[in-house]
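S.K.: This is the structure, below, for whatever I ask next.
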Amino acid sequence: MPDTEAPYSRLSPDAVIAAIEATGELSDGRVLALGSYENRVYQVGREDAEPLVVKFYRPGRWPDAAILEEHAFALELAAAGIPLVAPLAYAGHTLLEHDGFRYALFPRRGGRWPELGNAQEREWMGRFMGRMHRVGQVRRFQHRPQLNIETFGFDACEAVLDSEFVPDYLEVRYDETTQALLESIAAEFDLQQPLTQLRIHGDCHRNNVLWTDAGPHFVDLDDCMTGPAIQDLWMLLAGSREEMAAQMRDLLEGYEQFAEFDRVQLRLIEPLRTLRMIHYSAWLARRWHDPAFPRAFPWFAEPTYWERHVGELQEQLAAMELGALQL
């Protein structure tokens with residue numbers, strides 16, 4: 001079984017090739033590591049065929065049922081004609097296992113990160129998200145996580161404080177600031193009940209979208225979850241409040257051609273941004289035992305990071321008081 005402290009220590013190029021060839025595919029021996037921290041993802045060349053992409057799931061992160069729901073959602077979206085790279089099936093199975101590692105194979109698809117620099121591109125992205133959410137409304141996840149303040153807020157804060165990464169002189173400020181933020185977020189969520197939730201991408205920032213001349217597509221649904229529609233829209237915004245309002249108008253111009261959007265959810269943008277900020281630090285703290293994380297994020301252990309992080313959280317107290325974007 002993989003080592004839980006260094007879960008990918010045995011995942012050598014030879015092990016990657018062996019996993020590919022266990023499906024009957026014939027590798028040409030070329031293995032290229034692709035950017036991923038949570039899982040391990042590789043492009044593997046094949047004899048007389050296009051390369052494949054293989055994703056090895058982080059041991060212990062998801063139960064099989066949750067991964068299979070991710071795959072089923074991807075296949076459902078692909079069947080609806082929505083641009084997305086769905087897992088390949090071997091002997092009827094998309095979730096594979098070799099030498100203690102769970103993995104899935106995907107066709108390789110290229111593209112660039114979207115700039116969303118004009119109204120046309122933003123409307124196109126909005127249509128893409130509206131089509132995806134229309135499918136997401138059809139049924140419910142049973143095994144995927146739900147976006148909520150307990151997991152992404154209170155539990156995350158507790159994990160950060162227990163990790164001992166926060167310098168002693170900042171602990172009280174961090175604790176008081178996050179508790180004030182979470183109380184405000186909880187009050188906003190209470191005002192929005194009943195909050196419409198559906199199957200969403202869950203981590204829809206621009207780096208998780210690829211764009212070609214044919215438009216946008218997703219290559220991964222690793223963080224898909226149950227949550228409000230606004231979670232998949234706000235992370236596509238950037239700039240000042242005025243700029244974000246203009247961008248959101250364009251996104252919704254496309255989105256609402258395919259799916260309804262409750263504009264009351266615009267009030268959740270800053271609360272959800274705050275939860276993401278808190279959860280991100282907890283994610284790094286929880287993954288620090290993986291040798292890839294100290295190498296990739298050395299600044300996380302520095303006091304200057306925590307000084308900046310606490311300052312940004314304090315700024316969120318003011319940001320949430322501004323209310324919804326005015327479209």
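The values are calculated or read from the model by the stated rules, or taken from the named source; none is laboratory data. For clarity, every value in this text was computed on a predicted model and none was experimentally measured. Ideal geometry is used to build each Cβ from the backbone, glycine not excepted, and the neighbour counts take in all protein chains shown.
S.K.: For region 138-153, what are the residues that are closer than 11 Å to Glu69 by Cβ and either in contact with a His (Cβ under 6 Å, 6 or more places away or on another chain) or of a type in the set (Lys, Arg) (or both)?
M.R.: Hits for region 138-153 are Arg139, Arg140, Arg144.
The rows are residues; the columns are (1) on the phi < 0 side of the Ramachandran plot; (2) of a type in the set (A, V, I, L, M); (3) buried (at least 19 other Cβ atoms within 10 Å of the Cβ).
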position	(1), (2), (3)
Arg102	yes, no, yes
Gly110	yes, no, no
Gly117	yes, no, no
Arg127	yes, no, yes
Met132	yes, yes, yes
Phe141	yes, no, yes
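S.K.: Can you pull out the residues in region 176-221 that are surrounded by 15 or more Cβ atoms within 10 Å (Cβ to Cβ) and acidic (Asp, Glu)?
M.R.: Glu188, Asp203, Asp220
S.K.: At least 1 residues that are surrounded by 14 or more Cβ atoms within 10 Å (Cβ to Cβ) and more than 20 Å from the chain's Cα centre (by Cα) in each: list the helices (runs of 4 or more DSSP H) lying fully within region 264-327 that qualify.
M.R.: Hits in region 264-327: 292-296, 303-321.
S.K.: Among all residue pairs at least 6 apart or on different chains, which show Cβ distances below 8 Å where the first residue, located in region 134-146, is over 12 Å from Gly227 (Cβ atoms) and the second is aliphatic (A, V, I, L, M) and assigned to a loop (DSSP other than H, G, I, E, B)?
M.R.: Note: pairs meeting the criteria are Arg134/Ala259; Val135/Ala80; Val135/Ile82; Gln137/Ala259.
S.K.: Of all the strands (runs of 3 or more DSSP E) wholly in region 140-246, which have at least 2 residues that are outside the structural domain of Ser36 (by TED's automatic domain parsing) and either of a type in the set (A, V, I, L, M, F, W, C) or in contact with a Cys (Cβ under 9 Å, 6 or more places away or on another chain) (or both)?
M.R.: Filter on region 140-246 gives 198-200, 209-212.
S.K.: Let me ask something else. Enumerate the pairs (first residue in region 195-210 and under 17 Å from Phe261 (Cα atoms); second residue anywhere and assigned to a strand (DSSP E or B)) with beta-carbon separation below 6 Å, excluding pairs fewer than 6 apart on the same chain, so at least 6 apart or on different chains.
M.R.: Gln197/Thr226; Gln197/Gly227; Ile200/Gly227; Gly202/Met225
S.K.: Separate question: Restricting attention to region 55-98, which residues are among the aromatic types (Phe, Trp, Tyr) and not in a loop (DSSP other than H, G, I, E, B)?
M.R.: Phe56, Phe73, Tyr90
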